[in-house]
Amino acid sequence: PKSGKDNRMWFWIVVAILAAIGEVVSYDLFMASVAGAALITAAVAFAQVPVAGQVLTFSALSLVGIGVLRPAVKHALGIDSMAQQSIRATSSHVIGKRAIATQTVDANGGQIRIGQGEFWTARTYEPSASIAAGSPVEVVLVEGLTALVEPVADAPTEQSGERALTSNEKGT
């Protein structure tokens, strides 16, 4: 018959397998640290270490894995920088673009339209400025989902703006 110590070893192996399955689903290297800690703890259990020592080993290794190894491995693999670049890439396409204020924009908020249908929550880049609805603006910065804008001093006339839209629609 199996002893309780053998059962404890299998317990840690099951924890490691479940954590590995969790890692496959999450792809964030969080559960990989837990799986590794559980495998090492299974070896510790096989060496007949008491339960308290097993729990201490598992806890310490999990914390070191999550707090130290995980960030280092993510950095080495470039996973952390890829996530930051994807956040920047999603909003950087609007920086420098011209838009029209669809609502009054001030330090507290407002709304702009870029092109024909891309609407953004907006605030003025200068906290003391206020931009009337219908005025042309330029996106200076993006903070989260809010565009920080400045009024455009050399705004094209209404007519030239219509010609620009027509030529853009033609794809030229």
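Nothing in this text is a laboratory measurement; each read-out follows from the coordinates by a stated rule. Just so you know, these numbers come straight off a predicted model, no measurement behind them. Cβ sites come from the backbone with ideal geometry, for glycine too, and all protein chains shown count toward neighbours.
Legend: P(r) of the stretch 20-73 from all alpha carbon pair distances, 10 Å bins from 0, whole percents, reading 28, 47, 23, 2. Other residues with beta-carbon under 12 Å from the beta-carbon of Val140 carry, at +1 per Lys or Arg and -1 per Asp or Glu, a net charge of -1. Restricting the stretch 1-53 to chymotrypsin sites (Phe, Trp or Tyr not before Pro) that sit in a DSSP loop and have at most 13 other Cβ atoms within 10 Å of their own Cβ leaves Tyr27.
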